[in-house]
Every structure is written in C-alpha cells, then in structure tokens.
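Here is the structure we will look at.
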Amino acid sequence: MLGLNILHLLEDAEAAIIRAHELLKPGGVFVSSTALVGELMVLWRLLIPAMQAVGLAPFVNRFSRQSLVTMLTNAGFSIDYEWQPDKASVFLIARK
C-alpha cells in the first residue's frame, strides 16, 4: 500500500494508518513519504496557520518523525526501512 505525501494532510492520520494496517494482508507493506511539519523551521510553523486562516493552505498535521513512527508501531506495523533526507520529510517502509 502506498501513501506518498498524504498523511500530513489528513485530519485523522492515525485512523488512516490503522485502516491501512487492517486492509493489508499479513506481511504486507505500507510505504510512506511524509512531510514533517512539526520539524520545520519556526518561520514555516508560524506561517502555515496564517496561510490557512486566509484560505491559502490546507489542513496540515504537525507531527514529527517520532510521532509518525509511534503511530505506525501503535497500529501494529514494524518499521523495515527509514530514510530521512532532511528534517522536513521522512520515507518509511512499514510491514504488517
């Protein structure tokens, strides 16, 4: 299952991760590339809500790499591979 650049845009990312786990067969994988808004520069973390207030930005979850990994492991996934090219995003392969 593939979830590229979407989890940070979902109001209930945790529910989506749980649902992905439910839908996968045993041994199935969930591949995700996710923006880590919680780890962006302070300027962006302040600018995004201002942009949302005037309709220039969508809803954005502000989770960190660790909170995303925690959501995946709490849903029952194990992390097979993790790559974080910079502070702003992380690529994960998680197995059911």
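The values are calculated or read from the model by the stated rules, or taken from the named source; none is laboratory data. Treat the numbers as computed from the prediction; the structure is a model and nothing was measured. Don't worry about glycine lacking a Cβ; one is built from the backbone with ideal geometry, like all the others, and counts go over all protein chains shown.
Filter the stretch 51-96 for residues that are surrounded by 13 or more Cβ atoms within 10 Å (Cβ to Cβ), at pLDDT below 90 and either aromatic (Phe, Trp, Tyr) or closer than 12 Å to Ile17 by Cβ (or both) and give the result.
Once the filter is applied, which keeps residues that are surrounded by 13 or more Cβ atoms within 10 Å (Cβ to Cβ), at pLDDT below 90 and either aromatic (Phe, Trp, Tyr) or closer than 12 Å to Ile17 by Cβ (or both), the stretch 51-96 yields Asn61, Phe63.
Tell me, yes or no, whether the stretch 5-17 has at least one residue that is at positive phi, under 9 Å from the mean Cα position of the chain (by Cα) and assigned to a loop (DSSP other than H, G, I, E, B). Break it down into steps so the answer makes sense when it comes.
Taking the stretch 5-17 and keeping what is at positive phi, we get 5.
Within this subset, residues satisfying the condition of being under 9 Å from the mean Cα position of the chain (by Cα) are 5.
Filter once more, so that each one left must be assigned to a loop (DSSP other than H, G, I, E, B): 5.
Yes, the stretch 5-17 contains at least one residue that is at positive phi, under 9 Å from the mean Cα position of the chain (by Cα) and assigned to a loop (DSSP other than H, G, I, E, B).
Could you please tell me which pairs satisfy a Cβ distance under 7 Å, a separation of 6+ or placement on different chains, a first residue in the stretch 28-39 that is under 17 Å from Ala75 (Cα atoms), and a second residue that is of a type in the set (Lys, Arg)?
Matching pairs, first to second residue: Gly28/Lys96; Val29/Arg95.
Count, please, the residues in the stretch 18-68 that happen to be of a type in the set (Phe, Trp, Tyr) and not in a loop (DSSP other than H, G, I, E, B).
Of the stretch 18-68, the ones of a type in the set (Phe, Trp, Tyr) are 30, 44, 59, 63.
Then drop every residue that is not not in a loop (DSSP other than H, G, I, E, B), which leaves 30, 44.
Summing the residues that are of a type in the set (Phe, Trp, Tyr) and not in a loop (DSSP other than H, G, I, E, B) in the stretch 18-68 gives 2.
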